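These notes concern the structure reproduced below.
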Amino acid sequence: MEELDLIFRGASMGLLVLFALKLTTAQQNRWLALFGAAFVVSVLGYLWAPLAYKTLGEVGWGTPFFFAGHFVAWCIWMFALTLFDDGFRPRWYHWAVAGAFLFFFAARFVPEDVPGVLFGDSIQRDRFVLDHMLYLVVIVVTMVRVGAGFSADMVEPRRRSRVYVIAGSALYALLVVTVELSMGAVPGGPMLDLLNALSIFILTLAIIGMILTLRDDGLVGAGPKNGGESTSESADQADMLNIVKLKAFFEEDKGHRTEGLTISALAESIGLPEYRARKLINQSLGFRNFNALLNEYRIQDARSALSDPEMARTPILTIALDCGYASLGPFNRAFKELTDMTPTEYRRKKLGAGLAKS
């Protein structure tokens, strides 16, 4: 039984090395490369930790494996964000959660005889429960974030992978944490270790199999840039007609100004099945995300309004609402992302300080 456990863990490690190589050969941003590598290292640490515990002990040479494996939930979270959100940049609260994981890892080395406060006679019981509760929260947040972007994702292979890859990983991790919480710090025994190793192998095989069969612009590659049209010449005459209809929806009908516009509503307006509209937006207009498409047209209109002397006294909130935003916050964030300026700064630059008071 232990031999099978070792075989499955070793096979999973080999697949993870292939995954790491895939990340290094594909064109991607530095955050995807960084958190992809962190994901691989953390899972390798998680896989090797039980073996390290038996041969090296938890303290000493075995510590690096436990350290890497301790961050696996956080690494899944960050890797999912960089994989599915093209414009993702880590914020302070992402690092704060990493700090919480680091705190709980350090607490492993507090003596067992230190009294507990919340869940038992020992401080280690408190650490164990709070640590796993943090795991649960991070895993649930990961599943929510991955699912929230499903509809807006215009890259079909990446859209499918939200369900079959990352959500599957998160559900597995959720099951493991739940089992460990119910059992406490008691080891699960050889049979549970073997089932765990087999589950990881199957999940890793599914992930690597999907990623290695995708084109580079599907999941981990750069692909079409947001805001730039595809240079593909393979579109047939029907596609060209549909592209004209799609552009007319935005450029002539100003359909992007509709608050709460969805991809299904857009597809219905131009008389196309939703999957065809998604393909046109991604492969012909060059957008990987529907919200990025909307922001591109909406901010373009906003820039025109903010540059117009006749609208110098129009409140920025009014302009934001006219462009299709429901409130000022999302408008300000989108404007800053696309122009590197706030709306007020942009208006002042275009009109001068005298006219730009609003």
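The values are calculated or read from the model by the stated rules, or taken from the named source; none is laboratory data. Every value quoted in this text rests on a predicted model; they were computed, and no experiment measured them. Quick reminder, even Gly has a Cβ in these numbers, built from the backbone with ideal geometry, and neighbours come from all protein chains shown.
One line per residue, one yes/no per condition, for (1) in a helix (DSSP H, G or I); (2) modelled with pLDDT of 80 or more; (3) surrounded by 14 or more Cβ atoms within 10 Å (Cβ to Cβ); (4) of a type in the set (Ser, Thr, Tyr):
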{"residue": "VAL129", "(1), (2), (3), (4)": "yes, yes, yes, no"}
{"residue": "HIS132", "(1), (2), (3), (4)": "yes, yes, yes, no"}
{"residue": "LEU175", "(1), (2), (3), (4)": "yes, no, no, no"}
{"residue": "SER182", "(1), (2), (3), (4)": "yes, no, no, yes"}
{"residue": "LEU194", "(1), (2), (3), (4)": "yes, no, yes, no"}
{"residue": "GLY209", "(1), (2), (3), (4)": "yes, no, no, no"}
Q: Would you mind telling me which numbered condition in (1) touching a helix residue (DSSP H, G or I) at 6+ places or on another chain (Cβ under 7 Å); (2) surrounded by fewer than 18 Cβ atoms within 10 Å (Cβ to Cβ); (3) not in a loop (DSSP other than H, G, I, E, B) VAL146 fails?
A: (2)
Q.
Anything in the range 112-127 that is exposed (fewer than 15 other Cβ atoms within 10 Å of the Cβ) and in contact (Cβ under 8 Å) with a residue 12 or more places away in the chain? List them, or say none.
A. GLU112, LEU118
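To keep it simple, each residue is scored yes or no on (1) in contact (Cβ under 8 Å) with a residue 40 or more places away in the chain; (2) in contact with a Gly (Cβ under 8 Å, 6 or more places away or on another chain); (3) surrounded by 18 or more Cβ atoms within 10 Å (Cβ to Cβ).
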position: GLU310; (1), (2), (3): no, no, no
position: ARG313; (1), (2), (3): yes, no, no
position: SER327; (1), (2), (3): no, no, no
position: PRO330; (1), (2), (3): no, no, no
position: ALA334; (1), (2), (3): no, no, yes
position: GLU337; (1), (2), (3): yes, yes, no
position: MET341; (1), (2), (3): no, no, no
position: THR344; (1), (2), (3): no, no, no
position: LYS350; (1), (2), (3): yes, no, no
(Q) Quick check on GLY10: is it at pLDDT below 80 and at positive phi? (A) no
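Modelled with pLDDT of 85 or more and small (Gly, Ala, Ser), is that true of ALA98?
yes
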Q. Using beta carbons and a limit of 7 Å, which pairs, at least six apart or on different chains, have the first residue in the range 263-289 and surrounded by fewer than 16 Cβ atoms within 10 Å (Cβ to Cβ) and the second one hydroxyl-bearing (Ser, Thr, Tyr)?
A. GLU274/SER264
Q. Of the numbered conditions (1) more than 30 Å from ARG162 (Cβ to Cβ); (2) modelled with pLDDT under 90, GLU345 satisfies every one except a single condition; which is it?
A. (2)
(Q) Which condition from (1) surrounded by fewer than 17 Cβ atoms within 10 Å (Cβ to Cβ); (2) touching a Gly at 6+ places or on another chain (Cβ under 9 Å) is the one that VAL155 breaks? (A) (1)
Q: Take the range 92-124 and flag every residue that is charged (D, E, K, R) and within 32 Å of the chain's Cα centre (by Cα).
A: ARG108
Q) Going through the range 80-94 one residue at a time, which ones are surrounded by 12 or more Cβ atoms within 10 Å (Cβ to Cβ) and either more than 17 Å from GLU337 (Cα to Cα) or free of Cβ contacts under 8 Å to residues at least 60 places away in the same chain (or both)? A) ALA80, LEU81, THR82, LEU83, PHE84, PHE88, PRO90, HIS94
